[in-house]
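The values are calculated or read from the model by the stated rules, or taken from the named source; none is laboratory data. Source: prediction; values computed, not measured. Glycine also receives a Cβ, built like all others from the backbone with ideal geometry; neighbour counts cover every protein chain displayed. Only protein heavy atoms, including side chains, enter the accessible area calculation; ligands, DNA and RNA are left aside. Shrake-Rupley method; radii C 1.70, N 1.55, O 1.52, S 1.80 Å.
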Amino acid sequence: MQLLSFLLSLILAAGPGMLIPKPVSYEPAAGHYIPREDGKDVRVRMGDKTLQKVVKDLPAFAAEEAYLLTVSLRGIDIRALTQEGADRARQTLAQLRLLSEDGTLPCGTIIDWPRFAHRGFMMDLSRHFRSKDFILKQLDAMSLLKMNVFHMHLTDGAGWRIQIDSYPRLTSLGAWRDGDTWSEWNRRGSHYLEEGTPGAYGGYLTKDELREIVAYAAERHIEVIPEIEMPGHSSEVLRAYPEVACLGADGKPVYSSDVCPGSEETFKLFQSVLDEVIEIFPSRLIHIGGDEAGKQSWHNCPRCRARMEAEGLKNVEELQSYLVRRMEKYLNGKGRNLLGWDEIMEGGLAPEATVLSWRGTQQGFEAIAMGHDVIMSPTSHLYLDYPQDAPLYEPEGFGSYQPLSRVYSFDPEAGMPAGGREHLLGLQGNLWAEMIPTDEHYEHMMYPRLAAIAEIGWTPQDQREWTDFHERALAFTELLQEQGYHPFDLAAEIGERPESQQPLSHLGRGARVTYITPYTQKYAAAGDATLTDGQRGRWGYADGGWQGFDSDLDLTVDLGKVQPLHYVGTTFMSSIGAWIALPEKLEIAVSEDGSSFQTVAVIRRPLKDETSTMYIPYGAVLNERARFVRLRAFRADAPQHEWLFLDEVEIN
């Protein structure tokens, strides 16, 4: 009883040095121990009754992974209830040894268990192919961080990456493309090439390679979840097998990115694919995608219309739900459960489906309220394809700015309605590979942000603190470098955009802005006050300082009275991967009465090509008198120019 009381008191003890994730409790002791290289000084006790009493009120998953690790002058003792718990202790021990500068281990006792059952990472293999050996290397790092789910995004428009015997053209055509990078492939027209074509880029994992990956992961207590995309993101499937495409008015296949839910050939193909997937992957969950289906070809497809009429479906959202429900029933019949991105909720959620909530947390909470299991993976915090430092100096990324501090700030339970915890399985980081052609670049984007996700998933929320984690992340980054990884150099982090750190004073600050063309509500920032509130935007377009327009821009600033004007300007952002580009030109006009305007400056696009995220000022020196200033910005008539983003309109 005295030992039990002592162990329970450890839960309130101080943190354990430099470990990631931070253990639940750590009690230091005097002295250091020199471990044996052969590991024979590690004593493991399974089914320990003392530990059983400590974890008796924990959820089953936490108890299964719980361990007690003691380092003393006499050696190393591990107590666990399962082999998984014992191996989690061994990973703690391995990290302690890697972090040790002199080869010794500090004496002390750790009691530990995870916060969430699902602590995952998704690797996008479609946009840029990754080899088996690269995957195994990342599984080693995930194991060190006590992560337990590896989600493989195996299929998408940019390439089908899994061998399927029943439909061989999925790889003989769908795995090969014209363009080494995703951007080149898009610029060249998104063409697929026959396997063996000189210059074709691509590849796929064989069944034997996938079985090796699954076995390697299982040895490290990591479950591998495969994803087979449907109905959207499937242009490679349509090209390989046109019979699963919708039909146009001329009766010919429509080559969109969506398969046809009206065609029985679609279900025949995907059921055969899932049969072969299930033979390889023993995971309870099978991911079927379900995201970003455009559905445009469904409206006029005779087969889709016939399906909707036969099934009593009111719209294309319900037609997608029909496909998802039918695939779920098929998977359930095979003893598996369906997992999908949160769009599977549209049109009605399949009865037993698990939701991976990526567009925010609200969709996840709605699914929880309906009694469904949920994994949180919001773009706002857990998408790792965004640059993690000043985009001007980082390798090309996709989208906004995602520093380590923002990733670490995420709490999956924040805002969750009462009573929903049992359905919140955990969280997952996703790393899409559109802008990441090399293995080194991929690791640069993964680490050390993956360490933050691991700690969120393992460590109690009330024991996490940013400054403490940052110090440990610096050490972990060095550890990874020593082990042959290529993490972002956290020690050299630049941080936020300097211009955003101090308010800007100018004549137009606080002035009323009239929008002739509206900004989009998704990127409204601070609304009508955004462009004259004295705040410059930070590095990310979605950070609340930049205002977005999905059209040409036309607005007027009212200074309140006629006065001398000597300068008007603003800054535009370019981020081609996010379809944001610089305007072809900016026209500045002035007026005393607000109705008769005179154009006083035209600033043309200063760059021929935009290859990365940039922040370019457009401004002009003036010698005018006016009360009203009008800005008109014009988008380029070019691909990937959907958005204009600007921050403060400075007037002096």
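If you go through region 500-524 and pick out every residue that is small (Gly, Ala, Ser), within 21 Å of residue 392 (Cβ to Cβ) and assigned to a loop (DSSP other than H, G, I, E, B), you end up with 0. Selection over region 341-356 of residues that are closer than 14 Å to residue 430 by Cβ and either part of a helix (DSSP H, G or I) or among the aromatic types (Phe, Trp, Tyr) (or both) gives a count of 2. Only a single item in (1) closer than 21 Å to residue 524 by Cβ; (2) open to solvent by less than 10 Å² (accessible area, probe 1.4 Å) is not met by residue 642, and it is number (2).
Restrict the check to region 176-190 and report whether at least one residue is part of a strand (DSSP E or B) and either of a type outside the set (A, V, I, L, M, F, W, C) or surrounded by fewer than 18 Cβ atoms within 10 Å (Cβ to Cβ) (or both). Let's see the steps before the verdict.
So in region 176-190, the residues part of a strand (DSSP E or B) come out as 176-177.
Imposing the further condition that a residue be either of a type outside the set (A, V, I, L, M, F, W, C) or surrounded by fewer than 18 Cβ atoms within 10 Å (Cβ to Cβ) (or both) reduces the set to 177.
Yes, region 176-190 contains a residue that is part of a strand (DSSP E or B) and either of a type outside the set (A, V, I, L, M, F, W, C) or surrounded by fewer than 18 Cβ atoms within 10 Å (Cβ to Cβ) (or both).
Could you please let me know if residue 121 is farther than 21 Å from residue 221 by Cβ and either open to solvent by 10 Å² or more (accessible area, probe 1.4 Å) or in a strand (DSSP E or B) (or both)? Taking the combined requirement at face value, the residue does not satisfy it. Within region 46-74, the set of residues being under 23 Å from residue 219 (Cα atoms), open to solvent by less than 50 Å² (accessible area, probe 1.4 Å) and more than 37 Å from the chain's Cα centre (by Cα) comprises 47, 48. The set of residues in region 75-92 being buried (at least 19 other Cβ atoms within 10 Å of the Cβ) and either modelled with pLDDT under 95 or in a strand (DSSP E or B) (or both) consists of 76, 78, 79, 80.
When we screen 293, 240, 306, 245 for residues that are under 22 Å from residue 330 (Cβ atoms), open to solvent by 50 Å² or more (accessible area, probe 1.4 Å), at pLDDT 95 or above and of a type in the set (Gly, Ala, Ser), the only hit is 306.
Within region 238-261, the set of residues being part of a helix (DSSP H, G or I) and in contact with a Leu (Cβ under 7 Å, 6 or more places away or on another chain) comprises 239, 240, 244.
So which residues in region 435-445 are open to solvent by 10 Å² or more (accessible area, probe 1.4 Å) and either of a type in the set (Val, Ile, Thr) or in a helix (DSSP H, G or I) (or both)? I'd like the intermediate steps shown before the answer.
The first filter runs over region 435-445 and keeps only residues open to solvent by 10 Å² or more (accessible area, probe 1.4 Å), leaving 435, 437-441, 444.
438, 439, 440, 441, 444 - these are the residues of region 435-445 that are open to solvent by 10 Å² or more (accessible area, probe 1.4 Å) and either of a type in the set (Val, Ile, Thr) or in a helix (DSSP H, G or I) (or both).
Within region 570-614, the set of residues being among the charged types (D, E, K, R), closer than 28 Å to residue 184 by Cβ and in contact with a Phe, Trp or Tyr (Cβ under 7 Å, 6 or more places away or on another chain) comprises 584 only.
Tally up the residues in region 586-614 that are surrounded by 15 or more Cβ atoms within 10 Å (Cβ to Cβ) and at pLDDT 95 or above, please. First the steps, then the outcome.
Taking region 586-614 as the starting set, the residues that turn out to be surrounded by 15 or more Cβ atoms within 10 Å (Cβ to Cβ) are 586-592, 597, 600-601, 603, 605, 610, 612-614.
Now narrow it down to the ones that are at pLDDT 95 or above: 586-592, 597, 600-601, 603.
Adding up the residues that qualify gives 11.
The residue list 271, 320 contains one member that is crowded, with 20+ Cβ neighbours inside 10 Å and part of a helix (DSSP H, G or I), which is 320. Listed by first and then second residue, the pairs linking a residue in region 267-278 that is more than 15 Å from residue 326 (Cα to Cα) to a residue that is of a type in the set (S, T, N, Q), with Cβ atoms under 8 Å apart and 6 or more places separating them unless they lie on different chains, are 276/166. The set of residues from region 93-116 being surrounded by 20 or more Cβ atoms within 10 Å (Cβ to Cβ) and either among the acidic types (Asp, Glu) or closer than 24 Å to residue 376 by Cα (or both) comprises 112, 113, 114, 115, 116.
Restricting attention to region 362-387, the residues that are part of a loop (DSSP other than H, G, I, E, B) and of a type in the set (Phe, Trp, Tyr) total 1.
Cβ separations smaller than 6 Å between residues 6+ apart or across chains give the following pairs from region 307-331 residues that are at negative phi to residues that are among the acidic types (Asp, Glu) and open to solvent by 10 Å² or more (accessible area, probe 1.4 Å): 317/346; 322/311. Can you tell me which residue is nearest to residue 430 (Cα to Cα) among those in region 446-490 that are aliphatic (A, V, I, L, M) and open to solvent by 10 Å² or more (accessible area, probe 1.4 Å)? Here the answer is 474. All conditions in (1) farther than 30 Å from residue 384 by Cα; (2) touching a strand residue (DSSP E or B) at 6+ places or on another chain (Cβ under 6 Å); (3) buried (at least 18 other Cβ atoms within 10 Å of the Cβ) hold for residue 572, with the sole exception of (1). Checking each residue in region 420-440 for being of a type outside the set (Gly, Ala, Ser) and farther than 17 Å from residue 612 by Cα picks out 421, 422, 423, 424, 425, 427, 428, 430, 431, 439, 440.
Criterion applied to 60, 89 was being closer than 21 Å to residue 454 by Cα and touching a Phe, Trp or Tyr at 6+ places or on another chain (Cβ under 6 Å), and the one residue passing it is 89.
Each residue in region 417-434 was checked for being in a loop (DSSP other than H, G, I, E, B), open to solvent by less than 40 Å² (accessible area, probe 1.4 Å) and closer than 20 Å to residue 368 by Cβ, and 1 of them qualify.
Scan the strands (runs of 3 or more DSSP E) fully inside region 535-652 and keep the ones with 1 or more residues being free of Cβ contacts under 8 Å to residues at least 40 places away in the same chain.
Working: elements: 547-549, 553-574, 585-591, 598-604, 614-634, 644-646.
The strands (runs of 3 or more DSSP E) meeting that bar are 585-591, 598-604.
Just one of (1) under 20 Å from residue 431 (Cα atoms); (2) outside any helix (DSSP H, G or I); (3) open to solvent by 10 Å² or more (accessible area, probe 1.4 Å); (4) in contact (Cβ under 8 Å) with a residue 24 or more places away in the chain fails for residue 359. It is (4).
Each residue in region 124-147 was checked for being under 13 Å from residue 453 (Cβ atoms) and not in a helix (DSSP H, G or I), and 3 pass.
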